[in-house]
Amino acid sequence: MEKIDSFKVDHTRLLRGIYVSRKDYLEKGDVVTTFDIRMKEPNREPAVGQAAIHTIEHLGATFLRNHDRWGRKIIYFGPMGCCTGFYLLLAGDLRSEDVVDLVKEMFKYIATFSGEIPGASAHDCGNYMLNNLPMANWEARKFLKEVLECISVENMVYPE
């Protein structure tokens, strides 16, 4: 089998940031853009813990789907298997620069969230006890401060 595109990215040089992972062109002419929201440098720093990444998923998905401007364009938001970030799928032919403000807004929301985690109940979630709000807040603040608030081209274009 042919290696898929996401496995062709040089993870030894990949920085934290927001990258266009792929674009899918649908039969009706619509485009779906998949973003790689990379919170950790792969294989060079610890991955996000499972409980924190699960909490970020719940908070991020809730925030995105309820967003006034972007909510109707959200297709999916969920963690990467390697636990170094998330995939965000949006309707539209988009660039990383187009979603920087949205991603900043989302991580500000997660960094400052307190209270009951949306969907964290036995009724709503298949593993509701696997959550860690303090670590999710911490990871979101770290990514926001160290990457999103000073994002540059090198954090939005995959390494060659």
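The values are calculated or read from the model by the stated rules, or taken from the named source; none is laboratory data. Owing to the predicted nature of the structure, the values given are computational and were not obtained by experimental measurement. Neighbour counts run over all protein chains shown; Cβ positions are idealised from the backbone, glycine included.
Observations
- Here ARG69 clears all of (1) free of Cβ contacts under 8 Å to residues at least 40 places away in the same chain; (2) within 12 Å of the chain's Cα centre (by Cα) except the condition numbered (2).
- Pairs where the first residue, in segment 115-130, is under 15 Å from ILE53 (Cα atoms) and the second is among the β-branched types (Val, Ile, Thr) and outside any loop (DSSP other than H, G, I, E, B), C-beta under 6 Å, 6+ apart: ILE117/THR55; PRO118/THR62
- Residue count for segment 131-150 satisfying the condition of being without any contact (Cβ under 8 Å) to a residue 12 or more places away in the chain and either over 14 Å from ARG16 (Cα atoms) or among the polar types (S, T, N, Q) (or both): 1.
- Some residue of segment 81-94 being surrounded by fewer than 21 Cβ atoms within 10 Å (Cβ to Cβ) and more than 28 Å from LYS8 (Cβ to Cβ): no
- When segment 126-153 is filtered for residues that are closer than 24 Å to ARG95 by Cα, more than 15 Å from the chain's Cα centre (by Cα) and part of a helix (DSSP H, G or I), the ones remaining, listed by number, are LYS145, GLU146, GLU149, CYS150, VAL153.
- Residue match in segment 61-78 (condition: closer than 17 Å to TRP138 by Cα and part of a helix (DSSP H, G or I)): no
- Against the test of being touching a helix residue (DSSP H, G or I) at 6+ places or on another chain (Cβ under 7 Å), farther than 28 Å from SER121 by Cα, crowded, with 18+ Cβ neighbours inside 10 Å and at pLDDT 95 or above, the options ARG22, ARG16 yield a single qualifying residue, ARG16.
- Positions within segment 26-60 being surrounded by 21 or more Cβ atoms within 10 Å (Cβ to Cβ) and either among the hydrophobic types (A, V, I, L, M, F, W, C) or part of a helix (DSSP H, G or I) (or both), in sequence order: PHE35, ILE37, MET39, VAL48, ALA52, ILE53, HIS54, THR55, ILE56, HIS58, LEU59, GLY60
- Scoring ASP98 on the criteria (1) in contact (Cβ under 8 Å) with a residue 12 or more places away in the chain; (2) over 16 Å from ASN137 (Cα atoms) leaves a single failure, condition (1).
- When LEU88 is tested against (1) within 15 Å of TYR19 (Cβ to Cβ); (2) not in a strand (DSSP E or B), just one condition goes unmet, and that condition is (2).
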